[in-house]
Ligand code: AMP
């Protein structure tokens, strides 16, 4: 990893694009006394002006991908910015473009984008971590309740559920992933791995509010409607304390595997997406190696950060603190790429 265009003798600013968890990221930076830059689409400017005190500077663009324009990049570099990526950043700017064209220092490891977005690589990563995953089937051996995922689908869009290979006939298309449908409660722990301290912290936990899978439970089982999994929001979860050892172990293993597979591995926030079964086992179906929107529930901190920090520590603020600590100890190159 490299410091690229960062001047560590000057104050560092936190920059992000106006979507997903940007308000949390900006507030976190402010709470840590850092300056902020918001890259905002013109059509959203009015909304973000309502939180104008969080952005020291706003750069207006037509499209988020304009962040790659040399003029915008030069401006960000002259502001001594570190870009904090989030889900929308990757979605709108594109992993490949970020890797090849972004010269502004970015918090995190750009190598992880491939591992995060490719299902085959994710499987390799999770296998290396030794966590339990849902079984996978081909269209010819699908057995029992299965969830079928479209290639590259975002936010559960277009997923459907079938019982075995017979129900899949006529629905299967090349590239779909067929997974065992794990019955249980969805649990999404949010972590923060600090390269500076070597510790994986538990920041918070959420579950997603999914339409219409969550709505179906209110039909009393009499509905013929297919469940879909489009996320429309997030709900807080606090875990049984006896589950914490397993949650920490899972986080540590995923970090360790990432360090082995794509050195230096995960930097900062990540989320392990799981189903917790009735034998209280976590089955992992995805990892997000960046801040997730579920952390927006905890802009003022979570039960877990209250225990660790005794102050309002959001994931956004934790990122800013890590950057601040790295700059003051001359180790920023461990955090940016
Ligand atoms: P994803 O796009 O992988 O985050 O999945 C979207 C949603 O589909 C999740 O939030 C879960 O509700 C559901 N889901 C995904 N994979 C499984 C699985 N193997 N078993 C049960 N539910 C799943």
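The values are calculated or read from the model by the stated rules, or taken from the named source; none is laboratory data. Here the structure is a predicted model, which means the values were calculated and not measured. Every residue, glycine among them, receives a Cβ derived from its backbone with ideal geometry; neighbour counts consider all protein chains shown.
The table below gives the values:
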{"item": "Residue satisfying all of: in the stretch 97-147; within 16 Å of the ligand (Cβ to nearest atom) and free of Cβ contacts under 8 Å to residues at least 24 places away in the same chain; nearest to residue 180 (Cα to Cα) among these", "result": "143"}
{"item": "Cβ-Cβ under 6 Å pairs, at least 6 apart or on other chains, the stretch 198-216 side without any contact (Cβ under 8 Å) to a residue 60 or more places away in the chain and farther than 14 Å from residue 234 by Cβ, far side part of a strand (DSSP E or B) and away from the ligand (no atom under 11 Å from the Cβ)", "result": "200/191; 200/193"}
{"item": "The stretch 217-238 - residue that is in a loop (DSSP other than H, G, I, E, B) and in contact (Cβ under 8 Å) with a residue 12 or more places away in the chain and, of those, farthest from residue 320 (Cα to Cα)", "result": "225"}
{"item": "Check on residue 77, in contact (Cβ under 8 Å) with a residue 12 or more places away in the chain and touching a strand residue (DSSP E or B) at 6+ places or on another chain (Cβ under 7 Å)", "result": "no"}
{"item": "Of residues in the stretch 148-157 being more than 8 Å from the ligand (Cβ to nearest atom) and surrounded by 15 or more Cβ atoms within 10 Å (Cβ to Cβ), the one modelled with the lowest pLDDT", "result": "150"}
{"item": "Criterion: under 17 Å from the mean Cα position of the chain (by Cα), at pLDDT 95 or above and away from the ligand (no atom under 13 Å from the Cβ) - qualifying residue of 279, 242, 312, 258", "result": "258"}
